[in-house]
1. Return the sequence-ordered ³J(HN,Hα) values of the stretch 453-458 in whole Hz as given by the Karplus equation 6.51 cos²θ - 1.76 cosθ + 1.60 applied to θ = phi - 60°, using x for Gly and Pro.
2. For the stretch 1-79, state which chymotrypsin sites (Phe, Trp or Tyr not before Pro) are in a DSSP loop and have at most 11 other beta carbons lying within 10 Å of their beta carbon.
3. Is there a pair in 123/184; 61/505; 60/82 whose C-alpha atoms are over 23 Å apart, and which pairs would that be?
4. Karplus couplings for the stretch 160-167 from phi (6.51 cos²θ - 1.76 cosθ + 1.60, θ = phi - 60°), rounded to Hz, Gly and Pro as x?
5. Can you compute the modelled spin-label distance between residue 328 and residue 504, with each label point 7 Å from Cα toward Cβ, in nm?
6. Could you tell me which of the pairs 200/232; 306/686; 292/708 are separated by over 30 angstrom between their Cα atoms in the structure shown?
7. Using a cut-off of 18 Å between alpha-carbon atoms, which aspartates and glutamates can reach residue 231, once sequence neighbours fewer than 8 places away in the same chain are excluded?
8. Out of every Cα pair in the stretch 161-265, what percent are spaced more than 23 Å from each other?
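The values are calculated or read from the model by the stated rules, or taken from the named source; none is laboratory data. Predicted model, so just to flag it, every value in this text is computed and none were measured. Heads up, the Cβs are rebuilt from the backbone with ideal geometry, glycines too, and the neighbour counts pull from every protein chain shown. Just so you know, the surface numbers come from the protein's heavy atoms only, side chains and all, with ligands and any DNA or RNA stripped out. Shrake-Rupley method; radii C 1.70, N 1.55, O 1.52, S 1.80 Å.
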Amino acid sequence: QINILMVYSIQSFFNSSRSNQTLFSALNEDKVVLFLHLLGIDTNGHAHRPNSREYKENIKKVDEGVKEIASMIENFYGNDGKTAFILTSDHGMTDWGSHGAGHPSETLTPLIVWGAGVNYPQKVTSQFFEDNFLKDWNYVKMGMLLFAQADIAPLMASLIGVPFPLNSVGTLPLEYLNNSAHFKAESIFTNAVQILEQFKVKMSQKKETTLSFLFTPFKPLSESEQMNFLKKTRLYIQQQKYDEAVSLCKTLINLALEGLSYYHTYDRLFLGLSIAMGFVGWTSYVILVIIKTHTNLTKTVQTNNKESTVLFYVFAMVGMIIALFLLIQTCPWTYYVYCLLPVPVWYAVVREIPVIQDLATNLLSLHIAQSIRFLLACTLGIEILVFSFFYRSTLTIGLLVFAGWPVITQLWAQAKATALIWTLLCALLAIFPLMPVVGREPNIALVIATGLLTLLISCFSLASLSKSENKYRNNEDLKVHFYQMLSIALSTYVVSSTHDSLKNKQGLPVLNQIISWITLVSSSVLPLLSSTFLFQRLFSILLSLMSTYLLLSTGYESLFPLVLAGLMFVWINMEQEALQHYGLSRKPKLASFNFAYATDITQFRHLHLDDVRRSFFFVFFIVTAFFGTGNIASVNSFDPASVYCFLTVFSPFMMGGLLVLKVVIPFVLVSCAFEAIQVTTQLSSKSLFLLVLVISDIMALHFFFLVKDYGSWLDIGTSISHYVLVMSLTIFMMLMNGLAQLLTTKRLELPRRTKHHST
C-alpha cells in the first residue's frame, strides 16, 4: 500500500506540473534536485524486524517502486540521459529492529549511483574487506567501495555542476565519476581548496581571539606548507600527472580536516581545567556543609570579619583578572561562566578554613588504618558505579559484595534469617546484569509465569496480613487488594492474548488495548486507596506498578522489579538491624509503622559514618534500576515490541513515553523503599541529598573527561548521556523522593454508603 501511494503521489506531482506553469518551469531548470524519503522500510523494520517475511516483501515492493519512479522521471524529461540517481540510507538496523550503536549492521549503508556522469560498475573476481562483516558480500562480483556519508554532498554537487557546499567536510568519491582524469583532478583540487578555506577561517578566528604569545598554530599545515601543497598540485595537473595530483589533494584534505578538529577543540584543555576546578570546589563545599551542619565532628567557630573582608577582596580581584583576560581575547559569554564560576565556589570553601582545621584535628585523632580503609571503600564504591555505566556486569560484582555485607559487619549474628534472605536476593538480582539486553530474545512464557508468581505472592501476603495485628481495618482495604490482584491477572491474560493475536497476524485486540490503558491509569490511583501502614502501602505500590510493568515486558525483565522489590523490603529491615547494631536507635516495630504520621517527625539525628554507606546503597540501587536489564542511555536497548499491548501503529512519541514509564517503575520502587528507610531511621532528607550530591558530583567529574565527540552514534551519544544522567541524578532523585512521599503518605478516602434503617 505504501509503495502504491508513493508511486501515485509522484505521478500526481508530475501530472500537476503540466497544468501548473510555475512548477513546470521549476522542474525544467538546470541543476534540479528531487529528494524522496522512503520511510516505509524503516517503520517496517522496527515493527517486524529485518529477517521477517513482511520486511523482505516490503524491500521487494520498494525496489519495484524505485524502478517505476526512475522510469517515470526519465519519461518526464524525455529520456534525455541528463539525470543522475543516488540511492542511500541514513542508517542500518540490527536483527532485533533497532539502530544507533556502532555495529556494522547499523553503520554500513548502501550508496548506489547511476545515470548521467556516473561510472559503470567494475567487475571483479574477488574483493578484500578489512571488516569481517563485509566478507559475506564476496559473492557480489561488482566492485564495492567504502565511503563516508559526508562524501555524498560533494558527489551530488559534482554531478549537477554546482560549487561544493561551504561547510562540507566530505571528500569527492572520484571512483563514481565517469569523466576524464583531468576533470577528476580539477574537481578534487577544488574540493581540497574548499576544505582548506574552512581551515583557514577557523585558524584566523582562533588567532584573533587569542593573545599572540599564547597562540599555538597547527604546525603540519603552516602557511608555507599550504602554498607548497597548492603549487605542487597545480604543477602536477599542468604536467598531466593526474594520479599524483589526486594523491596530494587527498593528503591536503586529511590534514585540513585534522587542523579543523585541532582549532575546534583548541580551548578544550583550558575549559576542561576550569570546569574541573568548579567541580572539585563545589564538592568540597558540599562536604564542608555536611560536616558543619549535619555532624558533631566540628565545633562552632566565630568568623573573623577582618580576615573575611580581605579574603573577599582577594577573590574579587582574581575574578576581575580572569574577566579582563577573557575580555581581551573577546571570548564568548559561555567562557565567562566556565571560568568565573569556580571563583565564588572556592571563596566559599576557603572561608571555611576553621572548619577544615577542626576537622583535620578530629581526623588525626582517629586510627589512620581505619581512615584509609574508609577512603579506599568510598573510592572503590564510586569506581564500581562509574564502571557499571560501561559494563553492566560490574553491578553483579557490587551486588555480590552487598550480599556479604551482613557477614562483614557482624549483622549476621544479630538477625540470621533476615541476613540470609538479603544474601539470597542480592545473589538473585546479581544475575540480571549478566543477561542479554532486553528485547533481543522475547520470552512471553516467562512474563506470564511472573504474573502468576506475583498473584501467588499476593495471596500469601493477604493471608499473612489478615492474621497479623495490623490487619486490614475495613472492607475497603480488602477490596483494593483484590482489585490489584485482578489487575495483575488481567495484565497476564492481555500479554498472553496479545502475543498470540499478533503471532497469528490478527492485530491488537481492541478489548486488550482498552484493558491495558485502564490498567495504566488505575495503577497510579489504587495505591492511594490502600492502608498507609508501611508494608501494606509498599506492597500495594508494588502490585500496581507490576500490573503496568507486565504489559510492557517481553522477557526476563518482568522478573526484575519483583526481585528488586523483594530486596527493598529486606533492606528496610536490615537498616533497622544496622541502627540497633551501632546503638543509634532502639529497634522500632516496622509492622505498626504508619506513613501517615511520618511527617510528624521533627527530631532528626546527626549523620553517622554508616549513613554514607546507606546513601551509597541508595545510589547503587538507582543505578541498578538504570542498567539492570539494559542501557537506558542508548535507544538501541529498547524493543518496540514492549508497547504492543498498548499500540502497534508506529508512533515515536507515544512509544517513547511508554518506554520511559517502563524505565521509571524500578526507580519508584527504590525511592519508596528509601523513603521508608529515611523516616524509620530519622534521617534528614536534606543531609541525605547532600550525600547523594557528593557521590553524583564525583561520578560526573569522571564522565566529564570521558565525553567523546568522535566514533559511532552510540559512542558519542552514550558518553554525553552518561554525563547528563549523572548531572541530573540529584534533581531526578528529588523528584522521585517527592513522588515516593506522595505514594506512601497520601490516602484517598472513597465516599462510603450510608445505611438507612426502616422503622
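1. 5, 4, 4, 5, 4, 4
2. Those satisfying the criteria are 35.
3. Too far apart for the 23 Å limit: 60/82.
4. Taking θ as phi minus 60°, the curve returns 9, x, 10, x, 5, x, 3, 9 Hz for the stretch 160-167.
5. 8.1
6. Beyond 30 Å between Cα atoms: 306/686; 292/708.
7. By straight Cα distance, residue 231 reaches 186, 197, 223, 243, 244.
8. Here the tail beyond 23 Å accounts for 30 percent of pairs.
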